[in-house]
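First comes the structure, then the notes that go with it.
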Amino acid sequence: MTATAFEALVEETARETATEGPGQVAVGAVLGDETALSGADPSAIFEIGSVSKMFTALALARLTVRGALDWDQPLATLLPPETEVPERDGVAITLGQLACHTSGLPRLPRGLMPRVPWDAADPYARCQEPALLAELTRTRLKSTPGRRFRYSSFGTGLLGLALARHTGGGYDALIRREICEPLGLRDTVVALDEERASRLVPGHSYRGRPRPNWDLADLAGAGGLHSTPADMLRFALAQLGDSTGELAEAMAFTHATSERVYRAHTAHPGFYGTHLPASAGRHAVLFHNGRTGGYHTLFALAPARQAAVVLLSARARSIDRAGFGLLTRLASA
């Protein structure tokens, strides 16, 4: 595929996605040595929701590679000693299980959430550390740790909280130190200062109505990060090999480590694993999407084809179909 055709394809995807209603959209892509970005300004800031889980899992992987933590270390060892962490069949929850969603924890800390989270203005407002740890103590595991995949934002949020406690300085400082500073990601943060807040794109609901921004409090590791098209495209390049040292080793670890979900689908630290259609060569794909009250994000890689797509939308309607369509066309080139 020529550079001109590549850029035109990215622009076409951005144009078609933006016609679906209010809310700015940014589309970025990587193909080999080429990158392209279209739509919203590269420095525009979006909530990225559960795509934050990639950063949380990568931070754990980097600490593991460095020898600062053990992948199979029990969660309880990083929490206050008085915290009663649930077990099942005598099996304790480990850090790696939290990253791969095999801890047995439920999807959300139900005792802290409103009945209909998506309709609430700030559904995670009660998710402060004391309340989260009390809720953890009250929780019954849905399955034996390590036995079964069960997607859990509660689990990944607790992982972020535990890592932040272990390293000191909070979750924002953890992600900045372990990932953002080494990669030059200047605007991937939880808390927005005044200048970054001025670049925040207003979010919209599924139906296109303006929505307030979310604050995930101490569950930020599950979905509390903001980022820009420029930062996410740089992160995609790093995931495809444009990184060195400890961070490259940690990324390779997250790609190679997997748990079977069902059939050919797998769970990796921070990613889902699947394959592109046969027409595109059945190449393996690693991806995660994210949704908050007013935003939707997709980050997807086809490493064997050195291809990636990043879509950020200031509307809670899914843009996954457009993103995977673009990745399929790039991988077929």
Could you let me know the centre-to-centre spacing of region 52-112 and region 312-333, using Cα atoms, in angstrom? 31 Å
Averaging sequence separations of C-alpha pairs under 8 Å and six or more residues apart, then dividing by the length of region 54-182, give the relative contact order as a whole percent. 33 percent
Once you put a point 7 Å from the Cα of Arg177 and another 7 Å from the Cα of Arg199, both along the Cβ direction, what distance in nm separates them? 2.4 nm
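Taking 2.2 N^0.38 Å as the expected size of a compact globular protein, what ratio does the Cα radius of gyration of region 1-104 give against it, to two decimals? Write out the running numbers ahead of the final one.
Values: Rg = 20.9 Å, N = 104, 2.2 N^0.38 = 12.8 Å.
My calculation over the Cα atoms of region 1-104 gives 1.63.
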Helix axis angle, 245-256 relative to the chain longest principal axis, alpha carbon, degrees: 90 degrees
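Among Arg140, Arg211, Arg66, rank each residue by its count of other Cβ atoms within 10 Å, from fewest to most, as a rough exposure measure. Walk me through the intermediate numbers first.
Values: Arg140 9, Arg211 23, Arg66 12.
Fewest to most other Cβ atoms nearby, the residues stand as Arg140, Arg66, Arg211.
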The size of the Cβ-based charge dipole (Lys, Arg +1; Asp, Glu -1) of region 54-182 about the Cα centre, to the nearest 20 debye, is 400 debye
Is region 247-311 rounded, prolate or oblate when judged by the Cα gyration tensor, a ≥ b ≥ c being the square roots of its eigenvalues, rounded requiring a/c under 1.5 and prolate requiring a/b larger than b/c? rounded
With label points built 7 Å along Cα→Cβ from the Cα atoms of Ser143 and Glu11, find their separation and express it in nm. 4.7 nm
Helix 153-167: inclination vs the chain longest Cα principal axis, degrees, rounded to 10, gives 80 degrees
Gaussian network model of the chain, Cα springs within a sub-10 Å range: biggest mean-square fluctuation belongs to which of Leu75, Leu219, Leu301? Leu75
For Val30, Val85, what ranking results if the residue with the fewest other Cβ atoms within 10 Å of its Cβ goes first? Val85, Val30
Between Ala68 and Met1, take the C-beta separation as r, use R0 = 56 Å, and let me know the FRET efficiency to the nearest 0.05. 0.85
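Note down the relative contact order for the chain as a percent, whole number, built from C-alpha pairs under 8 angstrom at least six residues apart.
On the way: 744 pairs, mean separation 87.0, N = 333.
26 percent.
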Can you tell me the Rg and Dmax of the chain, counting just the alpha carbons, in angstroms? 19.0, 60
Compute the semi-axes of the equivalent ellipsoid of region 115-178, taking the square root of 5 times each eigenvalue of the Cα gyration tensor, and list them largest first in whole Å. 22, 18, 12
What relative contact order, as a whole-number percentage, does region 294-333 give when Cα pairs under 8 Å and 6 or more residues apart are counted? 42 percent
Once both axes come from the Cα atoms, what is the angle between helix 129-138 and the longest principal axis of the chain, in degrees from 0 to 90, rounded to 10? 70 degrees
Using the Cα centre of the chain as the reference point, and only Cβ charges (+1 on K/R, -1 on D/E), how large is the resulting charge dipole? Debye, rounded to the nearest 20. 1280 debye
Which of Tyr206, Tyr124 comes first, and how do the rest follow, when ranked by fewest Cβ neighbours within 10 Å? Tyr206, Tyr124
What residue among Met251, Met113, Met54 has the largest mean-square fluctuation in a Gaussian network model of the chain, using Cα springs under 10 Å? Met113
Residue farthest toward the positive end of the dipole of the chain, with Cβ of Lys/Arg at +1 and Asp/Glu at -1: which of Gly67, Ala230, His296? His296
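Here, each number is a calculation from the coordinates, and none is a lab measurement. Keep in mind it's a predicted model, so treat the numbers as computed, not measured. Ideal geometry is used to build each Cβ from the backbone, glycine not excepted, and the neighbour counts take in all protein chains shown.
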